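Notes follow the structure.
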Amino acid sequence: MRNHDLVFLKQFSMVIAFLVALTIALILAGMYINAQQEPEPNPVAEAAVQQRLQPVGGVYAGSTGAAAQAAAKAAAAAAAAGQVAYDGTLDGSVIYAALCGACHTAGAGGAPKLERAAWAARIAQGSDVMHKHAIEGFQGAAGIMPAKGGNPSLTDEQVIATVDWMVDNLK
Ligand code: HEC
């Protein structure tokens, strides 16, 4: 009888051991298969990416589109109005002090200083040429004069007024 129990215990524990091993094997197999799957996309992250990919400007059609376009145009015009340089002043001294003087006061990059000697030959070519050179920019022997001193929001009249002020204020 005793012997019988021992045999049963031995076989039963073998069955249990086999089942434990099978369980561990199945867990490992499950983990392995799970690791092979692409992770589920996170809907919140997806939405955020979509939003970042949107074009900056909206596209409108129909009557809402026309209204939106008119509004955008008005906003652009208002922004452009604010961009007339130095409030549209025709006072050459203001524009010179704020912009042109950066080069012309110290003679940076070959810019002629406000000294009569540096300007004699330039004045001799006539004020129309100097105006044109200042508005359109030009490359001379001394260096590069950038168009409108590098500020395209200056009007032609403002540049002309500044050139005239410079010529009138040579020492
Ligand atoms: C980045 C530097 C720089 C700035 C800013 C600048 N200039 Fe000049 N300018 C020059 C240089 C350099 C020359 C000389 C080019 C040459 O003769 O080789 C010059 C030449 C000129 C001349 C002489 C043109 C000629 O026909 O000989 C006039 C006029 C002039 N600048 C006006 C202006 C006015 C007006 C402004 C401001 C709106 C201005 N400059 C801003 C660099 C500058």
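The numbers here are math on the coordinates, done by the rules we state, and not lab data. Remember, it's a predicted structure, so these values are computed and weren't measured experimentally.
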- the range 9-149, relative contact order [Cα under 8 Å, separation at least 6], %: 10 percent
- Heads up, the range 87-168 by the C-alpha gyration tensor (a ≥ b ≥ c square roots of eigenvalues; a/c under 1.5 rounded, else a/b over b/c prolate, else oblate) looks rounded
- How much length, in nm to one decimal, is gained on full extension between Asn34 and Val84, taken as 0.36 nm per residue of separation minus their Cα-Cα distance? 11.6 nm
- Message: Kirkwood hydrodynamic radius, computed over distinct alpha-carbon pairs, for the chain: how many Å, to one decimal?
- Response: 24.0 Å
- To the nearest 10 degrees, how steeply does helix 62-81 sit against the main Cα axis of the chain, on a 0 to 90 scale? 50 degrees
- Note on the structure: With -39,500 (n - 2.57) per DSSP H segment of 4 or more residues and division by the full residue count of the chain, the 222 nm estimate, nearest 500 deg cm²/dmol, is -19500 deg cm²/dmol
